[in-house]
1. Check R88, R12 and return the single one that is of a type in the set (D, E, K, R) and within 30 Å of I302 (Cα to Cα).
2. Looking at (1) assigned to a strand (DSSP E or B); (2) surrounded by fewer than 13 Cβ atoms within 10 Å (Cβ to Cβ), find the lone condition where Y97 falls short.
3. Residue pairs, Cβ under 7 Å, 6 or more apart or interchain, first in the stretch 206-222 and without any contact (Cβ under 8 Å) to a residue 12 or more places away in the chain, second surrounded by 12 or more Cβ atoms within 10 Å (Cβ to Cβ). List them.
4. Testing G66 on (1) in contact (Cβ under 8 Å) with a residue 40 or more places away in the chain; (2) in a loop (DSSP other than H, G, I, E, B); (3) not hydrophobic (A, V, I, L, M, F, W, C), one condition comes back false. Which one is that?
5. Can you tell me which residue within the stretch 241-277, out of those that are among the hydrophobic types (A, V, I, L, M, F, W, C) and in a loop (DSSP other than H, G, I, E, B), is surrounded by the fewest Cβ atoms within 10 Å (Cβ to Cβ)?
6. Restricting the search to the stretch 89-140, which residues are hydroxyl-bearing (S, T, Y), over 16 Å from P158 (Cα atoms) and touching a Gly at 6+ places or on another chain (Cβ under 7 Å)?
7. Return yes or no: is F38 among the aromatic types (F, W, Y), under 30 Å from P289 (Cβ atoms) and in contact with a helix residue (DSSP H, G or I) (Cβ under 8 Å, 6 or more places away or on another chain)?
8. Just checking, does the stretch 223-236 include any residue being charged (D, E, K, R) and over 19 Å from the mean Cα position of the chain (by Cα)?
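The values are calculated or read from the model by the stated rules, or taken from the named source; none is laboratory data. Since we're looking at a predicted model, the values are computed, not measured. Every residue, glycine as well, gets a Cβ built from its backbone with ideal geometry; the counts of neighbours run over all protein chains shown.
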Amino acid sequence: MSLRRTFAITTRLLAQFRHDHRTLGILFVTPLLILGLFALLFRTDAPVPHVGLVVTSSPVADVIAGALDESDALATERLSTAADADARLRDGLLDAYLVLPAVDGEGVLRPQVVVEGTDQQVATIVPAALQRAVLSGLASFAPTTPLGGAVAPPRIEPKVRTLYGNGDLDALDVLGGPFIGLVVFLLVYVVTSVSFLRERTLGTLERLMATPLRRTEIVVGYMLGFIVVALIQAAEVLGFALLVLGLYNAGSVWLIFGLEVILALTAVNLGIFLSTFARNEFQAVQFIPLVVVPQILLSGVIVPVSAEPEWLQVVSNVLPLTYAVDALREVMLRGSDLSVAAVQLDVAVLIGFCLLLVVAASATLRREVA
């Protein structure tokens with residue numbers, strides 16, 4: 001083996017990297033961007049759960065409620081009735097609420113803990129905070145009888161209920177819905193960008209541009225062709241998730257499928273648009289860590305958008321995946337439908353992104369041919 005010829009190949013390869021600024025950026029800038037996002041997401045203090053307190057005035061309940069008010073783990077709000085607390089929880093104004101009744105005739109205090117059910121962190125923090133408040137409150141609660149004898153503290157038997165879900169939701173149930181959308185979005189984007197780029201490099205697109213076809217017609221025609229394949233994939237992914245993996249779903253399967261279709265259309269048009277800026281398939285794939293991965297990190301799948309720094313929430317709120325994740329969670333975990341304002345907003349924003357990308361892809365196609 002000749003070391004000179006071997007090093008010549010190595011030198012040639014390094015020279016290609018040196019002149020390929022895009023690849024150098026992917027290799028050395030994108031990792032810093034992704035790791036920086038991870039640091040921002042996981043080193044930011046999680047928001048304190050906002051919990052409503054419905055207290056029946058009694059010595060024991062008042063002591064426990066006071067300990068909860070002083071807890072650093074919760075932000076408490078006093079409410080008059082359980083119905084009011086339940087309405088605020090359904091409207092998303094509370095993360096949970098506690099009902100502290102008086103001690104019953106059997107000497108038992110039966111507080112009710114009602115959590116939203118789709119945030120496992122809240123479902124863990126609130127009962128734990130109640131337990132600490134009970135221990136702290138009862139330690140300072142030492143009433144006596146008229147004769148001076150000590151009264152035994154009441155037994156505490158809390159009852160935990162979830163507003164959404166069956167109370168047994170695991171991490172896969174909570175994350176599964178958004179990941180259905182992420183899988184469809186990522187794979188459809190890759191297939192579309194690589195396939196559309198191949199059409200350009202083989203000259204097929206240039207020949208179509210020489211025909212009376214308008215540029216928008218070309219883009220929409222390709223979009224419809226890709227979406228047929230995407231529909232089959234979306235149906236396969238959804239069927240596997242619900243029938244084989246057994247993901248929890250409280251909403252309409254057809255609405256979930258419709259959300260997948262809109263997300264696939266967005267991915268198709270994003271792939272067509274970004275493929276214009278690539279010269280080969282390798283460069284088309286390079287957009288994944290630059291464009292797709294940050295969307296996945298900031299969409300609320302890993303860390304809730306509300307837990308991000310405020311300036312990063314602004315970025316999250318202009319990304320299509322954020323609205324897809326929110327819509328899938330609303331439908332699958334809360335059983336929401338199109339009559340719910342939050343779902344209507346998510347669907348409208350996704351359709352708007354899709355139409356915007358159709359226009360962008362058509363405009364970029366004009367510049368490429370010219």
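1. On the way: R12 fails: within 30 Å of I302 (Cα to Cα).
Every option except R88 fails the conditions.
2. The single condition Y97 does not satisfy is (2).
3. Going by the 7 Å Cβ cut-off, the qualifying pairs are L208/I218.
4. For G66, the exception is condition (2).
5. Pass one, the stretch 241-277, residues among the hydrophobic types (A, V, I, L, M, F, W, C): 241-245, 247, 250, 253-257, 259, 261-265, 267-268, 270, 272-274, 277.
Imposing the further condition that a residue be in a loop (DSSP other than H, G, I, E, B) reduces the set to 245, 247, 250, 277.
Details: L245: 11, L247: 22, A250: 14, F277: 14.
In this case the residue turns out to be L245.
6. Passing the criteria: only T118.
7. Working: among the aromatic types (F, W, Y): yes; under 30 Å from P289 (Cβ atoms): yes; in contact with a helix residue (DSSP H, G or I) (Cβ under 8 Å, 6 or more places away or on another chain): yes.
In short, yes.
8. Start the filter on the stretch 223-236 by keeping residues that are charged (D, E, K, R), which leaves 236.
If we keep only those that are over 19 Å from the mean Cα position of the chain (by Cα) too, we end up with 236.
Yes, the stretch 223-236 contains a residue that is charged (D, E, K, R) and over 19 Å from the mean Cα position of the chain (by Cα).
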